[in-house]
Amino acid sequence: METALVTGGLGRSGRWIVDRLAGEYDVVCVDLSQPGFEVPERDRIDFRAADLTDRGEAFDLVAEVGPDAVVHWAALPSPTRHPGGRVFETNALSTYNALVAAGRAGARVVWASSESAYGFPFAREKTLPDEFPIAETHPMRPEDPYGTSKVVGEEIAKMVTRRYGVPVASIRPSWIQYPGEYNCRSEEVLGDLAAGAGNFWSYVDARDVAGVVAAALDADFDGHEAFHAAAAENYLDRPTAAVVEEFFGAVPEPCRVEGDESALSTAKAERLLGWTPAHSWREAADEAVEPPSLLDR
């Protein structure tokens with residue numbers, strides 16, 4: 001049985017990844033805290049506490065575990081909840097430490113980049129992309145510390161593949177939603193087009209995020225590749241191009257989205273990973289699904 005080390009594994013989306021991988025790997029779940037030895041652990045999940053911005057802790061942990069795969073999911077997920085410098089430094093430094101340690105261990109890597117790397121979600125002025133749907137080749141032009149930390153992270157990923165010869169997948173998730181708790185479908189969000197204009201009303205289910213991570217770990221590719229993680233459609237239940245034109249007064253050229261198709265293309269993930277999104281707001285928004293419990297199972 002291979003070993004997968006997952007950072008940020010106790011986070012909201014991280015625990016879905018740990019839960020998914022625990023059926024295929026022995027998982028080492030790494031976060032800032034450890035649940036304690038008195039708490040019964042789930043079979044094939046070990047818990048470790050580490051501060052990944054500390055290079056010694058990150059390198060020591062990965063060297064001790066000797067993982068076959070590393071999923072780096074730990075990050076400060078927004079530029080609006082902490083000072084900008086802290087967001088950038090935490091994300092860039094932890095990514096450097098985790099990915100270089102993984103490369104030295106010869107582990108294949110999947111890590112959390114973001115749609116924010118393009119620069120649209122946290123831009124001061126809402127702007128259109130160069131094309132619809134957005135492909136992974138679209139220029140990245142962030143003006144915020146979070147998106148910039150993800151661009152730097154992808155450059156680190158490319159460096160790690162060149163230096164250590166391990167494959168690295170940068171997953172660029174859209175706005176992550178949870179079954180039965182789809183904030184994108186709240187009255188407040190649906191009643192304010194500006195609330196979703198930064199990512200063109202895209203979203204993704206946490207279970208699909210876990211699915212694309214698992215697919216990327218299983219895939220056979222060389223070097224660095226970036227992949228979108230997005231649902232197949234927007235969350236508005238309206239034609240995407242029509243909403244874009246209503247809000248922005250124009251649509252990008254070329255514009256090849258049809259109906260309510262997502263503004264983020266997942267064609268590359270389908271082609272290279274064999275992954276397509278399986279969940280839609282139409283069922284998942286009110287779906288009764290217990291979130292993963294990584295303990296007492």
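Every number here is computed from the coordinates shown, using simple stated rules; none is lab data. This structure is a prediction, so every number in the text was calculated from the model and none was measured. Glycine gets a Cβ as well: all are built from the backbone with ideal geometry, and neighbour counts include every protein chain shown.
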Among [x] 14.9; [y] 16.0; [z] 13.3, the value of mean projected area of the Cα convex hull in nm² computed for this structure carries the label [x]
Fewest first, what order do Y96, Y164 take by the number of other Cβ atoms within 10 Å?
Y164, Y96
Specify whether the C-alpha gyration tensor of segment 157-297 places it in the rounded, prolate or oblate class, a ≥ b ≥ c being the square roots of the eigenvalues: rounded for a/c under 1.5, otherwise prolate if a/b is larger than b/c and oblate if not.
oblate
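Would you mind putting 269-278, 116-125 in packing order, based on average other-beta-carbon counts within 10 Å, highest first?
116-125, 269-278
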Summing -39500 (n - 2.57) over every DSSP H run of at least 4 residues in the chain and dividing by its residue count gives a helix-only mean residue ellipticity at 222 nm, to the nearest 500 deg cm²/dmol, of -10000 deg cm²/dmol
Out of all DSSP beta bridges in the chain, what portion is antiparallel? Express it as a percent rounded to 5.
10
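For a Förster distance of 30 Å, can you work out the FRET efficiency between the beta-carbons of A195 and E89, rounded to the nearest 0.05?
0.55
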Computed magnitude of the charge dipole of segment 154-297 (debye, nearest 20; Cβ of K, R +1, Cβ of D, E -1)
680
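Could you please rank E131, E2, placing first whichever residue has the fewest other Cβ atoms within 10 Å of its Cβ? The partial results should precede the final answer.
Numbers: E131 18, E2 14.
Final ranking by Cβ density, sparse to dense: E2, E131.
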Cα to Cα, under 26 Å, and not fewer than 8 places away if on the same chain: which lysines meet these conditions relative to K158?
K150, K268
Placed amide H near Y203: partners under 5 Å, 5+ positions off or other chain
W175, A231
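What does the charge add up to near A215, with Lys and Arg as +1, Asp and Glu as -1, over the other residues with Cβ less than 13 Å from its Cβ? Let's see the in-between values first.
Numbers: positive: R20, R108, R207, K268, R271; negative: E24, D208, D218, D220, E225, E270.
With Lys, Arg at +1 and Asp, Glu at -1, the net is -1.
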Report, to the nearest 10°, how far helix 84-105 tilts away from the longest principal axis of the Cα atoms in the chain, using its own Cα long axis and a range of 0 to 90°.
50
Within segment 56-95, name every residue whose backbone N is under 18 Å away from a label modeled 7 Å from Cα of R124 along the Cβ vector.
79-80, 84-85
So what's the net charge close to A231: Lys and Arg +1, Asp and Glu -1, counting the other residues with Cβ under 9 Å from its Cβ?
-3
Rounded, prolate or oblate: pick one for segment 64-167, where a ≥ b ≥ c are the square roots of the eigenvalues of its C-alpha gyration tensor, a/c under 1.5 means rounded, and failing that, prolate if a/b is larger than b/c, else oblate.
oblate
